[in-house]
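One structure is given below, encoded as structure tokens.
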Amino acid sequence: VTTSRLRFLTAGESHGPMLCAVLEGMPAGMPLSPADIDPDLARRQGIGAVETPYRGASARMRLERDSAEIQAGVIAGETTGAPIAILVRNRDHERWKGKPIEPMTVPRPGHADLVGALKYGYNDLRPSLERASARETAARVAVGAVCRALLQQFDVRVESYVVEIGGVPAAVSELPLAERRARAALSPLCCPDPAASDLMAERLDELMKAGDTAGGVFEVAAFGLPPGLGSYVHWDRRLSARLAAAVLGIPGIVGFETGGGFSAAARPGTEVHGGLDLDDEARLARKNDGTGGMEGGVTNGEPLVLRVAMKPLSTTVRSRQSVDLTSGASSPTKYQRSDFCAVPRVAVVAEAMVCYVLADALLEKLGGDSLSEMKARFPALRRSRLEDLPMLGEPRVLWP
Ligand SMILES: Cc1cc2nc3c(=O)[nH]c(=O)nc-3n(C[C@H](O)[C@H](O)[C@H](O)COP(=O)(O)O)c2cc1C
């Protein structure tokens, strides 16, 4: 995106020695240590949930405990404004190093195995898997955690919770948005609706027994954002579009909605777009806010809510038909250790990408090279209050 103040790159393979990320554009003077990053890395692994790891997570999650090593950009516990380099070691690597690895010649439908070989001309499918694997998302989560630390300096909070697994929906509309995450923390599938959580677990157990997998839907919510992040003046400045690109860039994500999303398309306008009124503090308050926190691709000061769909995982214990590329013979897919459902873990990756986009937009809005400059400017941002919106209230010639 041309407007970015922040940028990052990751490198690393699933079974190579490590993953690394370089994040550039963070302001100086922000306290940062691995303790800001490791809890999110653990959450991506499903660790710390009611059932650890989450129901449906694979054994690899028990094997690896990720930890971040900050290699650059932080001196004496504070960011310097220089690029931040973070390393996350692959503990699994020791079992691969120096050993001959079986060739992989049967592409798994739904994975990048075949397209990788077609695109890059590999003579073995392993390199496709090694980079396309979601292991790389640990590096994105590390970057997102640094961005979250910046957002926290401005009391912005980003959370997620699961609203559907394997076709079993949760009923969350009556539950206040701000309470959903705390309720989700009590569920083995990170779902704020306890009855639905039980049904989801049952459905998942059925699918696991049948050697199958489940997808699902989760929501990411951000609280405390000032109005005015993003812009409607050009397509690539719209915050909605930037969030969509960041979230759809996560492996396995197949759908993204803002505001009422696809369901709004079927409802009348007066129902989807509630009214505006002044509250007791002369703040513009919304009735049944259906905006999802953005209008015109710009934050409006209401909580930001995104809905995200994850497909059922492509690796299944029950084999599917494929072709062995060495012989052209029909061959069943070979199972490799994998989750049965990764929705609660993927939600953590989506939180990270949302934190990245929001931190970028906040930096764009506030400018500044240091946290202290940003903090000095933050209180001056216009809020949704009558006093912040002086109107001329007279006719004038617009195009003489
Ligand atoms: C955190 C996370 C964990 C994932 N775990 C698995 C898994 O255990 N098994 C699997 O088949 N796919 C898993 N995926 C999805 C695959 O990485 C993805 O489907 C595959 O790379 C192909 O990309 P595509 O689905 O975007 O086309 C996971 C994705 C994420 C973000």
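The values are calculated or read from the model by the stated rules, or taken from the named source; none is laboratory data. Keep in mind it's a predicted model, so treat the numbers as computed, not measured. All Cβ positions, glycine included, derive from the backbone under ideal geometry; neighbour counts span all protein chains shown.
Condition first: of a type outside the set (D, E, K, R), touching a residue at least 12 places away in the same chain (Cβ under 8 Å) and away from the ligand (no atom under 13 Å from the Cβ). Now tell me which residues in region 322-342 satisfy that. Please lay out each step first, then the result.
Taking region 322-342 and keeping what is of a type outside the set (D, E, K, R), we get 322-323, 325-333, 335-336, 338, 340-342.
Checking which are touching a residue at least 12 places away in the same chain (Cβ under 8 Å) leaves us with 322-323, 325-326, 331-333, 335-336, 338, 340-342.
Listed by number, the residues that qualify are S322, V323, L325, T326, S331, P332.
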- What tally of residues in region 361-383 results from selecting those that are in contact (Cβ under 8 Å) with a residue 12 or more places away in the chain and surrounded by fewer than 24 Cβ atoms within 10 Å (Cβ to Cβ)? 16
- Query: Hey, among V317, V308, V349, which residue is more than 9 Å from the ligand (Cβ to nearest atom) and either in a helix (DSSP H, G or I) or surrounded by 21 or more Cβ atoms within 10 Å (Cβ to Cβ) (or both)?
  - Reply: V308
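Kindly indicate whether any position in region 242-249 is away from the ligand (no atom under 16 Å from the Cβ), modelled with pLDDT of 95 or more, outside any loop (DSSP other than H, G, I, E, B) and within 23 Å of V158 (Cβ to Cβ). Walk me through how you get there before you give the answer.
Of the residues in region 242-249, the ones away from the ligand (no atom under 16 Å from the Cβ) are 242-243.
Now narrow it down to the ones that are modelled with pLDDT of 95 or more: 242-243.
From what's left, outside any loop (DSSP other than H, G, I, E, B): 242-243.
The next check asks that each one be within 23 Å of V158 (Cβ to Cβ); those that pass are 242-243.
Yes, region 242-249 contains a residue that is away from the ligand (no atom under 16 Å from the Cβ), modelled with pLDDT of 95 or more, outside any loop (DSSP other than H, G, I, E, B) and within 23 Å of V158 (Cβ to Cβ).
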- Which numbered condition trips up A72, out of (1) closer than 24 Å to A142 by Cβ; (2) surrounded by fewer than 16 Cβ atoms within 10 Å (Cβ to Cβ); (3) in contact with a helix residue (DSSP H, G or I) (Cβ under 8 Å, 6 or more places away or on another chain)? (3)
- Task: Provide a single number: the residues in region 105-143 that are in contact (Cβ under 8 Å) with a residue 60 or more places away in the chain, more than 9 Å from the ligand (Cβ to nearest atom) and either at positive phi or not in a helix (DSSP H, G or I) (or both).
- Result: 5
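Inside region 352-380, can you point out the residues that are among the hydroxyl-bearing types (S, T, Y) and either more than 16 Å from the ligand (Cβ to nearest atom) or more than 20 Å from the chain's Cα centre (by Cα) (or both)?
S370, S372
Is it the case that region 296-313 has a residue that's free of Cβ contacts under 8 Å to residues at least 12 places away in the same chain and of a type in the set (S, T, Y)? Before you say what the answer is, go through the steps one by one.
Filtering region 296-313 down to residues free of Cβ contacts under 8 Å to residues at least 12 places away in the same chain leaves none.
No.
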